[in-house]
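K.L.:
Structure incoming, see below.
Only the coordinates and a few stated rules stand behind these numbers; no lab work does. Quantities reported herein were computed from a predicted structural model and do not represent experimental measurements. Glycine gets a Cβ as well: all are built from the backbone with ideal geometry, and neighbour counts include every protein chain shown.
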Ligand SMILES: *Cc1c(COP(=O)(O)O)cnc(C)c1O
């Protein structure tokens, strides 16, 4: 939708200088097979819905617990860390924004192809950034983060977005060890969808300079509830709290806290959902490869693919015409022929595969 240009006569320099993130489209009229924002196609746990309903009562009159103690205890229990090593926030995007503001100053490094919110936060806080290019196969070259460029913080998602490629735990730990003087943030939004455990959350709790950031939006099917959390040592967690309490002490409302606590206590449910998403991803990846698509090996709940003949923008438009929404990125130029396609239900993906078949 085109945004009216209001001219911004009352905007200050800061607002004029902002370069906001563009979220994936949330269509309002037409019905689409929605494979564009990496939402989980399955519903959240019934216990989560029940907990939110139970919390919707007279107590809404009262402010929620600003420290989210019960939630942090339940996260700590699930991840085998201490509640003091957990921070809870209004989606992981909010936590990333706080972390950029709290821990980065002279420079931050992140890959040239990655989550496009990182340059937005860097600009918001005035932190210079450098973007080492991914290897030709879209993997991250760890040397870019272990050699030179000292006094620079680091942030990347593992698995990376929008490529879906992941890095081994030992490699991440070597990056954190190589730059003991700066914070290394690992955005684990998609870590649950990896074939092997690649979370470094338990190391983060013990390490001085490693912070992991997590979200309930993807693995727990709760993009609409807005809950994220971070795991790191007590001093990093306190840094995040200082940022939060300089903006808004009540970032997580009572319903969100109640729902998120229920997630932590119903692990079997989301693990079952994740298994289904992984199985569908593997089936879809194999089918696309056999149709001649380039498919980057994914450890996430999406695939990053290139059509054998069509330009990325054309293939995106073709799918949209067939009521299938995917995500196309205009830069950097090396990814413009790729589409990022979220893994939907098996029937969503059968429709998608049929459209792919017809497009050749
Ligand atoms: C989806 C996503 C997030 C944002 O998660 P929210 O908790 O919904 O704000 C953060 N990082 C990456 C890499 C993501 O893909």
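K.L.:
Among 200-208, 253-261, 130-138, what's the highest-first ranking by average C-beta atoms within 10 angstrom per residue?
P.N.:
253-261, 200-208, 130-138
K.L.:
Let me ask something else. Calculated FRET efficiency, residue 67 and residue 177, Cβ-Cβ r, R0 41 Å, to nearest 0.05?
P.N.:
0.85
K.L.:
Still on this structure, please answer the following. Label-point separation (nm) for residue 351 and residue 321, each offset 7 Å from Cα along Cα-to-Cβ?
P.N.:
Result for the modelled spin labels: 1.8 nm.
K.L.:
Please arrange 291, 167 by counting, for each residue, the other beta carbons lying within 10 Å of its beta carbon, fewest first. Let's see the in-between values first.
P.N.:
Working: 291 16, 167 21.
Ascending number of Cβ neighbours within 10 Å: 291, 167.
K.L.:
Whole Å is fine, so just give me how far the alpha carbon centre of the stretch 240-291 lies from that of the stretch 141-168.
P.N.:
22 Å
K.L.:
In nm, to one decimal, how far is the modelled label at residue 202 from the one at residue 248, with both set 7 Å along Cα→Cβ?
P.N.:
For the pair residue 202/residue 248, the computed spacing is 3.5 nm.
K.L.:
Let me ask another. Kindly identify the stretch 54-158 as rounded, prolate or oblate by the Cα gyration tensor criterion: order the square roots of the eigenvalues as a ≥ b ≥ c, call it rounded if a/c is under 1.5, otherwise compare a/b with b/c, prolate if a/b is larger, else oblate.
P.N.:
Since a/c reaches 1.5 and a/b is larger than b/c, the shape of the stretch 54-158 is classed as prolate.
K.L.:
If packing is taken as the average number of other Cβ atoms within 10 Å across a peptide's residues, how do 53-64, 106-117, 7-18, 171-182 rank, most packed first?
P.N.:
106-117, 171-182, 53-64, 7-18
K.L.:
A further question on this structure: Cα gyration tensor of the stretch 158-250, axes a ≥ b ≥ c as square roots of the eigenvalues: rounded (a/c below 1.5), prolate (a/b > b/c) or oblate? All intermediate terms of the calculation are to be shown ahead of the outcome.
P.N.:
Working: a/c = 2.25, a/b = 1.07, b/c = 2.10.
Since a/c reaches 1.5 but b/c is at least a/b, the shape of the stretch 158-250 is classed as oblate.
K.L.:
Sorted by average packing, counted as other Cβ atoms within 10 angstrom per residue and highest first, what order do 74-80, 39-45, 95-101, 309-315 take?
P.N.:
Highest mean packing first, the order is 95-101, 39-45, 74-80, 309-315.
K.L.:
Need the full-extension length gain, residue 112 to residue 268, defined as separation in residues times 0.36 nm minus the C-alpha distance. One decimal, nm. List each step's numbers first, then the result.
P.N.:
On the way: separation 156, 0.36 × 156 = 56.16 nm, distance 3.62 nm.
Extra length from residue 112 to residue 268 when fully extended: 52.5 nm.
K.L.:
Also: Which residue fluctuates the most in the chain, going by a Gaussian network model with Cα springs under 10 Å, if the choices are 163, 37, 22?
P.N.:
22
K.L.:
Residue 310 to residue 276: FRET efficiency via 1/(1 + (r/R0)^6), r the Cβ-Cβ distance, R0 35 Å, to the nearest 0.05?
P.N.:
Plugging the Cβ-Cβ distance into 1/(1 + (r/R0)^6) gives 0.75.
K.L.:
Under 1.5 on a/c is rounded, so check that first for the stretch 46-265, then, if it is not, pick prolate when a/b is larger than b/c and oblate when it is not; a ≥ b ≥ c are the square roots of the alpha carbon gyration tensor eigenvalues.
P.N.:
Prolate shape, in that a/c is at least 1.5 and a/b is the bigger ratio.
K.L.:
Work out the FRET efficiency for residue 143 and residue 12 from their Cβ-Cβ distance, taking R0 = 30 Å, and round it to the nearest 0.05.
P.N.:
Values: r = 41 Å, r/R0 = 1.38.
With R0 = 30 Å, the Cβ-Cβ based efficiency is 0.15.
K.L.:
Another question about this same structure. Antiparallel versus total DSSP beta bridges in the chain: what percent is that, nearest 5?
P.N.:
Working: 18 of 32 bridges.
Counting only bridges with both partners in the chain, antiparallel ones make up about 55 percent.
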